[in-house]
1. To check my understanding: the extent here is largest minus smallest coordinate of the Cα atoms along each principal axis. What are those three numbers for the range 6-87, in Å, largest first?
2. Please tell me the relative contact order of the range 6-87 in percent, rounded to the nearest whole number, where contacts are Cα pairs under 8 Å and at least six residues apart.
3. Suppose only helical runs count, i.e. DSSP H with n ≥ 4. What mean residue ellipticity at 222 nm does that imply for the chain under -39500 (n - 2.57) per run, divided by all residues and rounded to the nearest 500 deg cm²/dmol?
4. Rounding to the nearest 10 and keeping the result within 0 to 90°, find how far the Cα-based axis of helix 6-23 lies from the longest principal axis of the chain.
5. Let me confirm the definition first: pairs of Lys residues in the chain, 8 or more apart or on different chains, C-alpha distance under 30 Å. How many are there?
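Since every read-out is calculated from the coordinates, none of them should be taken as a lab result. Just so it is clear, the structure is predicted and the values come from calculations on it, not from any experiment.
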Amino acid sequence: MQSSTPSDSLQAIARFIKTSRLTANITLEELAKRSGVGIATLARVEKRGVCSTDTLMRVFAALGRLDRLLAVLTPDEPGTIADLRAQHVIKPRQRARRKK
């Protein structure tokens, strides 16, 4: 699923966490114990998706989903030499040269 706004992305994270927890048949209390994150914070994360990076990593790890999160953060491998060359495009100058 591709989100169109940051708000949509946060809601997708919230749904993913809640669905993962319910699929694993884990209560909020149990997830709080496993992750070291407070129950109120977990409820807020499942509702709005807003949390710190540390909290996000702890929750994904406690749900056994950390590999999914890290897979998204792995950069794509360039396929061809043309792809590599395209990554190293020379940027145009941002200001004029000094006159002598």
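1. Extents along the principal axes: 51, 24, 21 Å.
2. Computed value for the range 6-87: 30 percent relative contact order.
3. Counting only the DSSP helices, I get -18000 deg cm²/dmol.
4. Computed tilt is about 40 degrees.
5. Taking the chain as the scope, the lysine pair count is 5.
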